[in-house]
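One structure below.
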Amino acid sequence: MSSTFPLKKFEALKTPFYYYDMELLERTLKKIKEESDRYNFHVHYAIKANFNSRLLELIKNYGFGIDCVSGYEIKRALEVGFDPAGIVFAGVGKSDWEIELGLDNDIACFNVESIPELEVINDLAKRRGKVATVAVRINPNVDANTHSYITTGLDENKFGVNRIDLEDFTDKISKMQNVSLEGLHFHIGSQITDLSSFKDLCVKVNEIQEWFISQKIYPKVINVGGGLGIDYENPDYNSIPQFEDYFKVFKKGLNIKGDQQVHFELGRSVVGQCGSLITRVLYVKKGVKTDFAIVDGGMTDLIRPALYQAYHKIENISSSSPEKKYDIVGPICESSDSFGKAQSLPETARGDFIAVRSAGAYGEVMVSPYNLREFPKAYYSDQL
Ligand SMILES: *Cc1c(COP(=O)(O)O)cnc(C)c1O
């Protein structure tokens, strides 16, 4: 039984819902600030991990920038009051209106993922009489050793410009009037727990930077993206990721030139551990090998297990009986609607509260109305 959840208060709430531990988020943000300030690193929060306004308000208070991958994310960031001068915008398929929105609000940087996109940005900027600041997203061909659906830095991935096309890119950009190349951008994937992937990235970044310098291009900004993983197995023991070691890898590994800025785009590692999906047991049903605990939350509320076979720690926060094994499944009409197979839980009964832990990132933002389900509400530890 976990004592960190206000079980009494949960009784009055309709399940399933997201519950955010704001005190943990605050401690996480403090740690990121402290460790990044040490080296004068700049952090942009990757808003796609969780665009909940309450969380954004808190993140804003720490002075971080924002990394967006859509026009509506830019809108949300501006509404919450983030400074456009701290907004960067990535994505392989930016629509014209999204680029225009970025230009009209003078965002800090477009992270450009192809030559055709560069041409459109130049065009739209020209019509406005502006010069857009851009970084080229380079595919460094580094294996992030993570799930194939969240690997983004290999040659075969759709993201970024491959190294063989870089010369063409710099050639084209040197002839354009309305874009200015100020940075090199990288992002190799997500849920990376082995820091050696980031060491490999540093080696590639240094090499690529030397090539740019040989072309007489001196990048002001090196943006190494995000991807730092969290400990899904031990959310209480490792509630705050190893930011100290993470930033140190880049300080040691990157060949930083003069007053060059180093930027990061952290998503999951910022908000992952502060959120849980809280759901209640509807029925315990006999199974052939293991019994099923059928809960009222499903893949429409948290799709990660169904989408990328992701593991989340599941806790019965109502019971402290001896443990048994259960398949914890939702009510959606899909066999993939399962939060975990053969998981040990205290003996479970109808009405028990189940916490699906580490659901703060890529959880609430991926809810769907499939089966005409209602979107889960969010509650906050400081407001219950
Ligand atoms: C998703 C994404 C991030 C954040 O990734 P995390 O693994 O959540 O840290 C950073 N940069 C870009 C370009 C992204 O697409």
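The values are calculated or read from the model by the stated rules, or taken from the named source; none is laboratory data. Model, not experiment: these values are computed from the prediction. Cβ atoms come from the backbone with ideal geometry, glycine included; neighbour counts cover every protein chain shown. Accessible surface is based on the protein model in full, side chains and every heavy atom, while ligands, DNA and RNA are left aside. Shrake-Rupley method; radii C 1.70, N 1.55, O 1.52, S 1.80 Å.
Yes/no per residue for (1) of a type outside the set (Asp, Glu); (2) touching a helix residue (DSSP H, G or I) at 6+ places or on another chain (Cβ under 8 Å); (3) over 24 Å from Lys257 (Cβ atoms):
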position	(1), (2), (3)
Lys204	yes, no, no
Gln215	yes, yes, no
Tyr218	yes, yes, no
Ile222	yes, yes, no
Gly225	yes, no, no
Glu233	no, no, yes
Tyr237	yes, no, yes
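Would you mind stating whether Glu210 is more than 12 Å from the ligand (Cβ to nearest atom) and closer than 15 Å to Ala359 by Cα?
So Glu210 fails the test.
Answer with yes or no whether Asp337 is open to solvent by less than 50 Å² (accessible area, probe 1.4 Å), acidic (Asp, Glu) and farther than 19 Å from Glu11 by Cα.
yes
Looking at region 235-317, what helices (runs of 4 or more DSSP H) fall wholly within it and have at least 3 residues that are open to solvent by less than 10 Å² (accessible area, probe 1.4 Å), of a type in the set (Phe, Trp, Tyr) and within 16 Å of the ligand (Cβ to nearest atom)?
In region 235-317, 243-253 are the helices (runs of 4 or more DSSP H) which contain 3 or more residues that are open to solvent by less than 10 Å² (accessible area, probe 1.4 Å), of a type in the set (Phe, Trp, Tyr) and within 16 Å of the ligand (Cβ to nearest atom).
Output yes when any residue across region 240-260 is among the acidic types (Asp, Glu) and more than 27 Å from the chain's Cα centre (by Cα), and no when none is.
yes
Within region 1-47, track down each residue that is assigned to a helix (DSSP H, G or I), touching a residue at least 40 places away in the same chain (Cβ under 8 Å), basic (Lys, Arg) and touching a Phe, Trp or Tyr at 6+ places or on another chain (Cβ under 9 Å).
Lys9, Lys31
Only residues that are open to solvent by less than 60 Å² (accessible area, probe 1.4 Å) and closer than 20 Å to Arg76 by Cα: list them for region 367-379, please.
Val367, Ser368, Pro376, Ala378, Tyr379 - these are the residues of region 367-379 that are open to solvent by less than 60 Å² (accessible area, probe 1.4 Å) and closer than 20 Å to Arg76 by Cα.
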